[in-house]
Amino acid sequence: MSAHDITRLGVKPHLSNAVVHGGIAYLAGVTPATGITVAEQTVSVLEQIDGLLAEAGTDRSRLLTAEIWLTDIRNRDELNAVWNAWVTPGNPPARACVEAKLAFPEWLVEIMVTAAV
Amino acid sequence: MSAHDITRLGVKPHLSNAVVHGGIAYLAGVTPATGITVAEQTVSVLEQIDGLLAEAGTDRSRLLTAEIWLTDIRNRDELNAVWNAWVTPGNPPARACVEAKLAFPEWLVEIMVTAAV
Amino acid sequence: MSAHDITRLGVKPHLSNAVVHGGIAYLAGVTPATGITVAEQTVSVLEQIDGLLAEAGTDRSRLLTAEIWLTDIRNRDELNAVWNAWVTPGNPPARACVEAKLAFPEWLVEIMVTAAV
């Protein structure tokens, strides 16, 4: 069942928090652990992403892609204020940010990234 | 027009059902061929994914990522019941699941995966 | 801060227009620069994608994946008419197309692709 060329981190029944293969870390869509506002929830999501990237042997300066879902696209400026401060200067990923309802109504933001290891 | 390092499966005018390159199979968003309920439609989608993965020379134990769209996010538990039974134990992909309207109103679920070959 | 194995094109504070790594070009979600109708906006998006692919050292015949967001999924036929004429015959990417609200209400379509370099 296991494969030597694929490493899975934070394995749950429905998803792995991250999968590493061929020099790339593929992270699951990360949802907020704490926070009421979009800014607070974005901080929570990005902290978890930092942790997963570290576990995968990489960091936010090596992001390749990011897909961001906001439950209300009008919160994009509030998201971007936190996001832009978090991205390492000169190294933002290729990104898309669109509106979508998420699994739980209290979640306002979800972010899924890939990074070079 | 063709390239020796890229293999395309199920080529239609607007998409390939799968594209294989550099040891990774990239599948198109797969939509239900049969089924009325979310559970039935998820079975249909996952059967098609199994077929495409086999055609690409891999299988569901080597999934890297999955993006799932539900037309009603409240159907997530019903999706997960089928999904969790399908995933090989210990080998779930990095996954995101959000709500979105799909191309035809009778489609309730769409799933797009990548896998190591 | 820079990495020799990652090339970023069109770097802005929140995203890079494209990131090239490991023989793959990852493009950001591209939004319309001009156009009122979905057809016009799709032309605008695809022209920008052609430019970014060229900058990354590749072209539309080497697309691997495409994710398309329409603000109204009923515009899918109008999108496809432009899309199908743009894709090089026999070489469409693995694609998903779903409905989502985008950052600005005047934007009706956004497309995010990857391509082999």
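Just so it is clear, none of the values below were taken in a lab; they were calculated from the coordinates. These numbers were taken from a predicted model, which means no experiment stands behind them. Please note: Cβ atoms are built from the backbone with ideal geometry, for glycine as well, and neighbour counts cover all protein chains shown.
Overview of values
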| read-out | value |
| --- | --- |
| Three-way shape call for the range C:51-117 based on the alpha-carbon gyration tensor, with the a/c threshold at 1.5 | prolate |
| Nearest-first distances (nm) between copies at B:A85, label 7 Å from Cα via Cβ | 4.8, 4.8 |
| Exposure proxy order (Cβ contacts within 10 Å, fewest to most) of A:L27, B:L102 | B:L102, A:L27 |
| Ranked C:H4, B:H14, criterion: other C-beta atoms within 10 Å, fewest first | C:H4, B:H14 |
| Chain A, closest residue to the rotation axis toward C, by beta-carbon, whole angstrom | A:A100, 3 |
| Backbone N under 13 Å from the A:V11 label point (7 Å along Cα→Cβ), restricted to the range B:79-97 | B:87-94 |
| Loop GluC sites (Glu not before Pro), the range C:83-117, which have at most 16 other Cβ atoms in a 10 Å radius of their Cβ (DSSP) | C:E106 |
| Degrees, to the nearest 10: C:38-55 long Cα axis against longest axis of chain C | 10 |
| Interchain or long-range residues, amide H under 5 Å from C:K101's placed H | A:E99 |
| Hydrodynamic radius (Kirkwood) for chain B, which is based on Cα pairs only, to one decimal in Å | 14.5 |
